[in-house]
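Structure first, commentary second.
The values are calculated or read from the model by the stated rules, or taken from the named source; none is laboratory data. Since we're looking at a predicted model, the values are computed, not measured. So basically every Cβ, Gly included, is an ideal-geometry build from the backbone, and we count neighbours across all protein chains shown. The protein model used for the area step is the full one, side chains on, heavy atoms only, and it has no ligands, DNA or RNA in it. Shrake-Rupley method; radii C 1.70, N 1.55, O 1.52, S 1.80 Å.
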Amino acid sequence: MRPIRSACLGAATALVTLLACAPLAAAAATDTGSAHDKGKHQVITLTGKLEQQTYFPVNPGGPAAQGDRTVVRSGLYDKDDKKVGETGGFCTLTRAALPEDKGGAEECVVTYTLPGGQLTAQGMYFGILNPGPPPSFDNAITGGTGKYDRARGSVHADTLGGGMRRFTIDLYL
(Lines give C-alpha, C1' and ligand atoms only; values in the text may rest on other atoms or scores of the structure.)
Protein backbone atom coordinates (compact mmCIF):
# COMPACT_ATOMS: atom_id res chain seq x y z
CA MET A 1 0.00 0.00 0.00
CA ARG A 2 1.37 3.39 -0.92
CA PRO A 3 1.55 6.14 1.71
CA ILE A 4 -0.96 8.93 1.26
CA ARG A 5 0.55 12.42 1.39
CA SER A 6 -0.87 15.88 0.98
CA ALA A 7 0.13 17.52 -2.29
CA CYS A 8 -0.29 20.74 -4.24
CA LEU A 9 -3.79 21.49 -5.44
CA GLY A 10 -4.47 21.01 -9.13
CA ALA A 11 -7.36 21.75 -11.43
CA ALA A 12 -9.22 18.63 -10.27
CA THR A 13 -8.83 19.69 -6.67
CA ALA A 14 -10.18 23.15 -7.47
CA LEU A 15 -13.41 21.60 -8.76
CA VAL A 16 -13.74 19.42 -5.71
CA THR A 17 -13.24 22.48 -3.54
CA LEU A 18 -15.94 24.35 -5.29
CA LEU A 19 -18.23 21.35 -5.29
CA ALA A 20 -18.12 21.11 -1.54
CA CYS A 21 -19.45 24.61 -1.37
CA ALA A 22 -22.78 23.20 -2.39
CA PRO A 23 -25.76 24.93 -0.83
CA LEU A 24 -28.92 23.81 0.65
CA ALA A 25 -30.10 26.22 3.31
CA ALA A 26 -33.56 27.60 3.63
CA ALA A 27 -32.30 31.18 3.84
CA ALA A 28 -33.03 31.98 0.20
CA ALA A 29 -35.79 29.44 -0.32
CA THR A 30 -38.88 30.31 -2.27
CA ASP A 31 -41.93 28.10 -2.54
CA THR A 32 -42.94 27.94 -6.19
CA GLY A 33 -46.30 26.38 -5.38
CA SER A 34 -45.64 23.46 -7.73
CA ALA A 35 -45.61 19.84 -6.67
CA HIS A 36 -43.46 16.85 -7.57
CA ASP A 37 -44.91 13.57 -6.36
CA LYS A 38 -47.07 15.56 -3.92
CA GLY A 39 -43.98 17.16 -2.33
CA LYS A 40 -43.16 20.76 -1.54
CA HIS A 41 -40.91 22.40 -4.15
CA GLN A 42 -38.25 24.98 -3.26
CA VAL A 43 -35.52 26.70 -5.22
CA ILE A 44 -32.59 27.66 -2.98
CA THR A 45 -29.63 29.79 -4.03
CA LEU A 46 -26.48 30.04 -1.87
CA THR A 47 -22.79 30.82 -2.20
CA GLY A 48 -20.18 28.32 -1.09
CA LYS A 49 -16.79 29.52 0.20
CA LEU A 50 -13.86 27.11 0.64
CA GLU A 51 -12.60 26.78 4.24
CA GLN A 52 -10.40 23.66 4.13
CA GLN A 53 -9.14 21.24 1.47
CA THR A 54 -6.69 18.32 1.38
CA TYR A 55 -5.55 16.37 -1.68
CA PHE A 56 -4.45 12.72 -1.42
CA PRO A 57 -2.75 11.59 -4.67
CA VAL A 58 -2.24 7.95 -5.62
CA ASN A 59 1.10 8.87 -7.23
CA PRO A 60 2.58 11.70 -5.11
CA GLY A 61 4.48 14.07 -7.38
CA GLY A 62 3.15 12.33 -10.51
CA PRO A 63 0.28 13.02 -12.90
CA ALA A 64 -3.37 12.70 -11.92
CA ALA A 65 -4.35 9.04 -11.52
CA GLN A 66 -7.48 7.00 -10.93
CA GLY A 67 -8.11 6.93 -7.17
CA ASP A 68 -6.77 10.41 -6.37
CA ARG A 69 -8.99 11.84 -3.61
CA THR A 70 -9.79 15.33 -2.39
CA VAL A 71 -11.51 16.08 0.94
CA VAL A 72 -13.17 19.48 1.43
CA ARG A 73 -15.08 21.63 3.90
CA SER A 74 -16.82 24.86 2.91
CA GLY A 75 -19.09 27.46 4.47
CA LEU A 76 -22.52 28.17 2.97
CA TYR A 77 -23.75 31.77 2.77
CA ASP A 78 -27.10 33.35 1.95
CA LYS A 79 -27.73 36.41 -0.26
CA ASP A 80 -26.87 38.71 2.69
CA ASP A 81 -23.49 36.95 3.13
CA LYS A 82 -24.65 35.39 6.42
CA LYS A 83 -23.20 31.95 7.12
CA VAL A 84 -26.10 29.47 7.21
CA GLY A 85 -24.30 26.12 7.19
CA GLU A 86 -21.34 24.13 5.98
CA THR A 87 -20.46 21.23 3.74
CA GLY A 88 -18.13 18.29 4.04
CA GLY A 89 -17.32 15.91 1.25
CA PHE A 90 -14.88 14.01 -0.89
CA CYS A 91 -14.25 13.35 -4.58
CA THR A 92 -12.44 10.42 -6.14
CA LEU A 93 -10.89 10.59 -9.60
CA THR A 94 -12.49 7.81 -11.64
CA ARG A 95 -11.04 8.63 -15.05
CA ALA A 96 -7.63 10.26 -15.40
CA ALA A 97 -6.88 12.16 -18.58
CA LEU A 98 -6.71 9.83 -21.56
CA PRO A 99 -5.21 10.74 -24.97
CA GLU A 100 -8.69 10.94 -26.51
CA ASP A 101 -10.22 12.75 -23.50
CA LYS A 102 -8.07 15.20 -21.60
CA GLY A 103 -10.82 16.24 -19.17
CA GLY A 104 -11.01 13.39 -16.69
CA ALA A 105 -13.93 12.65 -14.36
CA GLU A 106 -14.61 12.46 -10.63
CA GLU A 107 -17.35 10.97 -8.44
CA CYS A 108 -18.20 13.26 -5.51
CA VAL A 109 -20.27 12.80 -2.34
CA VAL A 110 -21.12 15.85 -0.18
CA THR A 111 -23.13 16.36 3.04
CA TYR A 112 -24.65 19.78 3.73
CA THR A 113 -25.24 20.62 7.40
CA LEU A 114 -27.99 23.23 7.67
CA PRO A 115 -30.41 24.57 10.24
CA GLY A 116 -33.02 21.85 10.63
CA GLY A 117 -31.11 18.94 9.12
CA GLN A 118 -28.65 17.63 6.58
CA LEU A 119 -28.78 17.00 2.82
CA THR A 120 -26.65 14.61 0.82
CA ALA A 121 -25.74 14.88 -2.86
CA GLN A 122 -23.53 13.03 -5.29
CA GLY A 123 -22.63 12.91 -8.94
CA MET A 124 -20.03 12.75 -11.69
CA TYR A 125 -17.99 15.79 -12.70
CA PHE A 126 -16.49 15.85 -16.16
CA GLY A 127 -13.67 18.01 -17.51
CA ILE A 128 -12.12 18.56 -14.09
CA LEU A 129 -8.54 18.16 -15.33
CA ASN A 130 -8.86 20.84 -18.04
CA PRO A 131 -6.96 24.11 -17.48
CA GLY A 132 -8.95 27.11 -16.32
CA PRO A 133 -11.86 27.45 -13.94
CA PRO A 134 -13.77 24.29 -13.05
CA PRO A 135 -16.80 23.66 -15.26
CA SER A 136 -20.40 24.00 -14.12
CA PHE A 137 -22.03 20.79 -12.97
CA ASP A 138 -25.32 19.19 -11.94
CA ASN A 139 -25.66 16.50 -9.30
CA ALA A 140 -28.43 14.57 -7.57
CA ILE A 141 -29.81 15.15 -4.08
CA THR A 142 -29.81 11.63 -2.66
CA GLY A 143 -31.43 12.16 0.75
CA GLY A 144 -31.51 14.06 3.99
CA THR A 145 -32.33 14.22 7.70
CA GLY A 146 -34.59 16.37 9.86
CA LYS A 147 -36.70 18.73 7.77
CA TYR A 148 -34.94 17.34 4.68
CA ASP A 149 -35.73 13.68 5.47
CA ARG A 150 -37.58 13.18 2.17
CA ALA A 151 -35.38 15.41 0.07
CA ARG A 152 -34.79 14.78 -3.62
CA GLY A 153 -33.94 16.97 -6.57
CA SER A 154 -30.75 18.38 -8.04
CA VAL A 155 -28.02 20.95 -7.50
CA HIS A 156 -26.58 23.13 -10.30
CA ALA A 157 -23.25 24.85 -9.57
CA ASP A 158 -21.49 27.70 -11.37
CA THR A 159 -17.96 28.94 -10.68
CA LEU A 160 -17.75 32.52 -9.36
CA GLY A 161 -13.97 32.56 -8.90
CA GLY A 162 -11.84 33.05 -5.79
CA GLY A 163 -12.79 29.64 -4.35
CA MET A 164 -16.52 30.38 -4.56
CA ARG A 165 -19.49 28.87 -6.39
CA ARG A 166 -23.13 29.81 -6.79
CA PHE A 167 -25.47 26.89 -6.19
CA THR A 168 -29.05 26.64 -7.37
CA ILE A 169 -30.86 23.81 -5.65
CA ASP A 170 -34.06 22.47 -7.13
CA LEU A 171 -35.39 20.73 -4.03
CA TYR A 172 -38.48 18.60 -3.44
CA LEU A 173 -39.49 17.67 0.10
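Some notes on this structure:
- Meets criteria (closer than 30 Å to GLY39 by Cα and open to solvent by 40 Å² or more (accessible area, probe 1.4 Å)) for SER154: yes
- Hits in segment 97-128 - residues which are part of a strand (DSSP E or B) and under 16 Å from GLN66 (Cα atoms): LEU98, ASP101, ALA105, GLU106, GLU107, CYS108, MET124, TYR125, PHE126
- Some residue of segment 70-79 being closer than 16 Å to VAL155 by Cα, modelled with pLDDT of 90 or more and of a type in the set (Phe, Trp, Tyr): yes
- Any chance GLY127 is over 16 Å from the mean Cα position of the chain (by Cα), modelled with pLDDT under 90 and small (Gly, Ala, Ser): no
- Among the conditions (1) more than 16 Å from the chain's Cα centre (by Cα); (2) closer than 23 Å to VAL43 by Cβ, the only one that ALA96 does not satisfy is (2).
- Options ALA97, ALA65; residue that is open to solvent by 10 Å² or more (accessible area, probe 1.4 Å), modelled with pLDDT of 90 or more and among the aliphatic types (A, V, I, L, M): ALA65
- Residue check, ASP138 of a type in the set (D, E, K, R) and in a loop (DSSP other than H, G, I, E, B): no
- Whichever residue in segment 157-173 is outside any strand (DSSP E or B) and either of a type in the set (S, T, N, Q) or under 23 Å from LYS49 (Cβ atoms) (or both) and, among such residues, is least open to solvent (accessible area, probe 1.4 Å): GLY163
- Consider segment 123-151 and keep the residues that are farther than 16 Å from CYS91 by Cβ and either in contact with a Phe, Trp or Tyr (Cβ under 9 Å, 6 or more places away or on another chain) or without any contact (Cβ under 8 Å) to a residue 12 or more places away in the chain (or both). The one that is most open to solvent (accessible area, probe 1.4 Å) is ARG150.
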